[in-house]
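Okay, structure first, notes after.
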Amino acid sequence: MNTTSPEATPDTPAAPGRIVLLTTSHRVAPGLLSWPAWQALHAADRVLCADGAHPQLPYLREAGIRVDEASPTAEDLVAACAGGHTVVVVATGEGEPVLTDGLARLAGSGRVSMPELELLPASYDLPGARLLDLVQVMDRIRAECPWSSQQTHKGLAKYGIEEAYELVEAIEEGDREELREELGDVLLQVVFHARIAEEDPDAPFSIDDVAGGIVTKLIHRHPHVFGDETATTPEEVKAHWLRTKAIEKQRESITDGVPLGQPGLALASKLASRVRTAGLEVALPTGEGLGYELLTLAVRAEAAGVDPEAALRSAARAYRDAIRETEG
C-alpha cells in the first residue's frame, strides 16, 4: 500500500497537510506522554520545537524522534505542510501564541489553503497538580523577597490565626468566592511554615513531610476505609477515630492536647466535649463572676449540640447589623 502523499498535478491541488500543536504539562514528569501523542510524533514528517532546552526533548530523541530546533512563522509552517505533510510543533511552556495568532490570520484571509490544525494535549495535570506550583512559587519568594526571607514561625503565627478566622467568617457568610480565596490564604500559611522549616539546622522538614504525615494519620485513623474495620454511621467513625487517637497519643488526661489559648467559649465547649465523650461525671466549678455563668452556658450549649462560639458570632453579627441600621 502506498502511504506517500499524491503528487500535485495541474488539475489536482497539493494537499494542505496537517499541523499538530503538542502541549505538555510541566507538572508531569517529562517523557510521560499519551499514546496518541507518541503516535503523532512517530508518524510526523517533521517535529519542531522553538525551545532547545525543552524538558521533553531528551526523551523524544531517546525514542528515536528527530526534533529540529526552529521557530517557524505561520507562513513557513503552512508551506512545510504542503503536499500532505504532517508537522508536529512541540509547544513551549508559554504556548505558541505568536504562531497560533498567525495561523488564525492566514485562515481568516481566505487566500491560503490551510492545513488541518489539531491541538493535542500530550499530558494532563493530575488533581492537586497546582500545589506543585505553589511550592515552587513559595520557594522563590522565600529566597528573593526581602520580607518573606526574614519571617519565622513565631512571626507568622498571628497571620495563621487571622486567616483561620477569616475562613470561618467566609463559611458562615456563605460566600463561595470568599471561601475559595480564604482557603488559599490558609494553605499559604501551611506552605510558608513548611518552607521555613526546611532551613532548621537541627530538625528540618519539608512540605512533603507534612503531607506524608497527615496521609499516614488519615489512613491509620480510617480503618473502616483502608482496613478491615466496619463503620456505617458517623458515630461509629468518630469512635474509631477517638480510639485510634487515644492509642497514638497515650495521654494521661482527657484534657491533654486541648489548646488553652483558644477563645474562651470554644475552650469550655471542647473541655465539655472531652468529658462527655469519656463518660465522666464532673461537676462544674462554682464561683462568683460572669466567667462561671459563661462556662455554664458553654457546657449547656455543647450538650445540646450547639457550638457556643459560632452561636455568639451569629448573635454578634445581628448586633452589628442593628448598629448599622441605627446609624442610618
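The values are calculated or read from the model by the stated rules, or taken from the named source; none is laboratory data. None of the values given here were measured: they were computed from a predicted structure. Don't worry about glycine lacking a Cβ; one is built from the backbone with ideal geometry, like all the others, and counts go over all protein chains shown.
Observations on the model:
- Within segment 272-292, being assigned to a helix (DSSP H, G or I) and either more than 35 Å from the chain's Cα centre (by Cα) or hydroxyl-bearing (S, T, Y) (or both) holds for A272, S273, V275, R276, T277, A278, L290, G291, Y292.
- Meets criteria (under 30 Å from W147 (Cβ atoms), of a type in the set (G, A, S), at pLDDT 90 or above and touching a Phe, Trp or Tyr at 6+ places or on another chain (Cβ under 9 Å)) for G184: no
- Scanning segment 245-281 for residues that are closer than 17 Å to G305 by Cβ, at pLDDT 90 or above and surrounded by 16 or more Cβ atoms within 10 Å (Cβ to Cβ) yields L265, A266, A268, S269, K270, L271, A272, V275.
- Contact annotation: residue pairs with Cβ atoms under 6 Å, 6 or more positions apart or on different chains, pairing a residue in segment 244-255 that is touching a residue at least 24 places away in the same chain (Cβ under 8 Å) with a partner that is surrounded by 11 or more Cβ atoms within 10 Å (Cβ to Cβ) and assigned to a loop (DSSP other than H, G, I, E, B), are T244/R221.
- Condition check for A268: more than 22 Å from L156 (Cβ to Cβ), within 32 Å of the chain's Cα centre (by Cα) and not in a loop (DSSP other than H, G, I, E, B): no
- Residue in segment 179-193 that is assigned by TED's automatic domain parsing to the domain that holds V137 and either touching a strand residue (DSSP E or B) at 6+ places or on another chain (Cβ under 8 Å) or more than 25 Å from R140 (Cβ to Cβ) (or both) present: yes
- Top-ranked residue in segment 82-94 [being of a type outside the set (A, V, I, L, M) and in a loop (DSSP other than H, G, I, E, B); ranked as nearest to D125 (Cα to Cα)]: G93
- Scanning segment 298-325 for residues that are assigned to a helix (DSSP H, G or I) and charged (D, E, K, R) yields R300, E302, E309, R313, R317, R320, D321, R324, E325.
- L295 under 26 Å from R251 (Cβ atoms) and either free of Cβ contacts under 8 Å to residues at least 24 places away in the same chain or not in a helix (DSSP H, G or I) (or both): no
- Every residue from segment 26-59 that is assigned to a helix (DSSP H, G or I) and either in contact with an Asp or Glu (Cβ under 6 Å, 6 or more places away or on another chain) or free of Cβ contacts under 8 Å to residues at least 12 places away in the same chain (or both): W35, Q39
For every residue, the table says whether it meets (1) touching a helix residue (DSSP H, G or I) at 6+ places or on another chain (Cβ under 8 Å); (2) under 30 Å from G95 (Cβ atoms).
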site	(1), (2)
L132	no, yes
M138	yes, yes
H153	yes, no
E172	yes, no
E182	yes, no
D208	no, yes
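- Segment 60-81, subset part of a loop (DSSP other than H, G, I, E, B) and in contact with a Leu (Cβ under 9 Å, 6 or more places away or on another chain), residue farthest from A29 (Cα to Cα): T73
- If the condition is being assigned to a helix (DSSP H, G or I) and of a type in the set (D, E, K, R), then segment 210-255 contributes K217, E235, E236, K238, R243, K245, E248, K249.
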